[in-house]
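Laboratory data are not the source of any read-out in this text; all were calculated from the coordinates shown. What you are looking at is a predicted structure, and each value in this text was computed from that prediction instead of being measured. Cβ placement follows ideal geometry from the backbone for every residue including glycine, while neighbour counts extend to all protein chains displayed.
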Amino acid sequence: MRVLLASPRGFCAGVNMAIEALELAIESLPGPIYVYHEIVHNKYVVDRFRSQGVVFVDSLTDVPEGSTLLFSAHGVSPEVRQLARGRNLRTIDATCPLVTKVHLEAIKYANLGYTIFLIGHEGHDEVIGTMGEAPEAIILVESPDDVAQLDVADESKVAYLTQTTLSVDDANRIISRIRERFPQVVSPPKDDICYATQNRQEAVSVLASSVDLTLVLGSQNSSNSQRLAELSRERGVTAHLIDGAQDIDPAWFEHVETVLVTAGASAPEVVVEAVLDFLREHFHATVEVHSLRTEDVSFPLPRELRVVSS
């Protein structure tokens, strides 16, 4: 078997920052450390931190007053921040700066009186946080068909933003429909979809045509990982989204000679290596790294931890 290992893959700068922040909090602050929602959408990462005593919560009422609470990479709404202050929680904000950028754009357009179309997936942590910045001004748009139903008071004052982990192709289809219906729509000068999401999607788009099967390392609730599997399927190549080697079914590889392996932005390299070891052991696989871009982005630790780390 021949394995094409996509690069870049796996952790992005925002995930690296959030994980490093939580690790430092565990080392330097009295526990337990609480995290609002999952630190990132990855089962391996969450289980590892849970085994170290981290408590993941979906409601701040589950966090004892005065405790330490870390906000995940996906960001939170102003309402959550206010609730945390009301409970006298020591908060650490590990929101990805690229998500913060979208929040600030939402605030700016809302203050200017625009109706904002937020392109994203209902219920995703990032979307909930962004909509919380200006709930009266934001309308969620999930598909091109939604655009026909949009009703705004002033069609000359509309803007669009996007969830950072979307499929570039899907987002562009919705954006095209919005531009057709609202020719005066405005948008941020720079795309909201993050660099890492775009780079990992580009790698699958380029490499999928050369393989018989794609394995994407990532959890089912990881939006950007789901998009990678969908991209492969759209190109006629079967794809499986898995958390690790334990999820592999050897029957998948009947008549398969070439496999693409990649990982979503919240999947650690250790699970990738375990899958490669499985393929070497069971199918005598040879691994070729195919690097399309170099990533050198990094984000500083949350300001609440910079003194601790210095």
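Taking the charge dipole of the chain about its Cα centre, with +1 at Lys and Arg Cβ atoms and -1 at Asp and Glu Cβ atoms, the residue from GLY86, LEU279, VAL46 reaching farthest to the positive side is GLY86.
For the chain, the relative contact order is 27 percent, taking Cα pairs closer than 8 Å that sit 6 or more residues apart in sequence and dividing their mean separation by the residue count. In sequence order, region 211-220 has phi-based couplings of 10, 9, 7, 10, 10, 10, 7, x, 8, 5 Hz under the Karplus curve 6.51 cos²θ - 1.76 cosθ + 1.60, θ = phi - 60°, and Gly or Pro positions carry x.
Near the amide H of VAL35, within less than 5 Å, lie the amide hydrogens of VAL55, PHE56, VAL57, LEU70, all on another chain or at least 5 residues away, with H placed in the peptide plane. When the Cα positions of LEU228, VAL55, ILE26 are compared along the charge dipole of the chain, ILE26 comes out farthest toward the positive end, with charges on each C-beta of Lys, Arg, Asp and Glu. Compared with the alpha-carbon gap, the fully stretched path from VAL152 to GLU27 is longer by 40.0 nm at 0.36 nm per residue. Cα centroids of region 14-30 and region 42-95: how far apart, whole angstrom? Their Cα centres are 12 Å away from one another. A simple charge model with +1 on the Cβ of Lys and Arg, -1 on the Cβ of Asp and Glu and nothing else charged puts the dipole of region 98-181 at about 340 debye relative to its Cα centre.
The calculated P(r) of region 198-295, using every Cα pair and 10 Å bins from 0, goes 16, 54, 29, 1 in percent. Measuring nothing but how far apart in sequence close Cα pairs (under 8 Å, 6+ apart) lie, relative to its length, region 98-181 scores a relative contact order of 38 percent. Note that region 107-112 has calculated 3J(HN,Hα) couplings of 4, 4, 5, 5, 5, 8 Hz, one per residue in order, obtained from phi through the Karplus relation 6.51 cos²θ - 1.76 cosθ + 1.60 (θ = phi - 60°); glycine and proline are x.
In terms of its Cα atoms, region 1-100 spans 56, 29, 22 Å along the principal axes, sorted from long to short.
A Cβ-based charge dipole, computed about the Cα centre of the chain with Lys and Arg at +1 and Asp and Glu at -1, lands at about 720 debye. Classify region 98-181 as rounded, prolate or oblate from the Cα gyration tensor: take a ≥ b ≥ c as the square roots of its eigenvalues, call it rounded if a/c is under 1.5, otherwise prolate when a/b beats b/c and oblate if not. Oblate shape, in that a/c is at least 1.5 and b/c is the bigger or equal ratio.
Helical content of the chain, expressed as a calculated mean residue ellipticity at 222 nm, amounts to -12000 deg cm²/dmol (DSSP H runs of 4 or more residues, -39,500 (n - 2.57) each, divided by residue number, nearest 500).
Percent of Cα pairs in the chain per distance bin of 10 Å, from zero to the largest separation: 6, 26, 30, 24, 12, 2, 0. Proximity of backbone amide H atoms, modeled 1.01 Å from N, is registered between PHE117 and ILE139, ALA159, TYR160, LEU161 at under 5 Å, excluding neighbours fewer than 5 places apart on the same chain. Computed across region 114-257, the Kirkwood radius stands at 16.7 Å (inverse of mean 1/r, all Cα pairs). Determine, from the Cβ-Cβ distance of ARG90 and ARG50 and an R0 of 22 Å, the FRET efficiency 1/(1 + (r/R0)^6), rounded to the nearest 0.05. It comes to 0.60. Among the lysines, which have Cα under 26 Å from the Cα of LYS157 when same-chain residues fewer than 8 positions away are ignored? Here the lysines satisfying the reach criterion relative to LYS157 are LYS101, LYS108, LYS190.
Among ASP125, ASP212, ASP154, the largest mean-square fluctuation in a Gaussian network model of the chain (Cα springs under 10 Å) belongs to ASP154. The phi torsions of region 230-247, fed into the Karplus equation with coefficients 6.51, -1.76 and 1.60 and a -60° offset, translate into couplings of 5, 4, 5, 5, 4, 9, x, 10, 4, 9, 10, 9, 10, 7, x, 4, 5, 8 Hz, rounded to whole numbers, with Gly and Pro shown as x.
Near the amide H of ALA263, within less than 5 Å, lie the amide hydrogens of GLY10, LEU217, all on another chain or at least 5 residues away, with H placed in the peptide plane. In terms of surrounding Cβ atoms within a 10 Å radius of their Cβ, ARG50, ARG87 rank from fewest to most as ARG50, ARG87.
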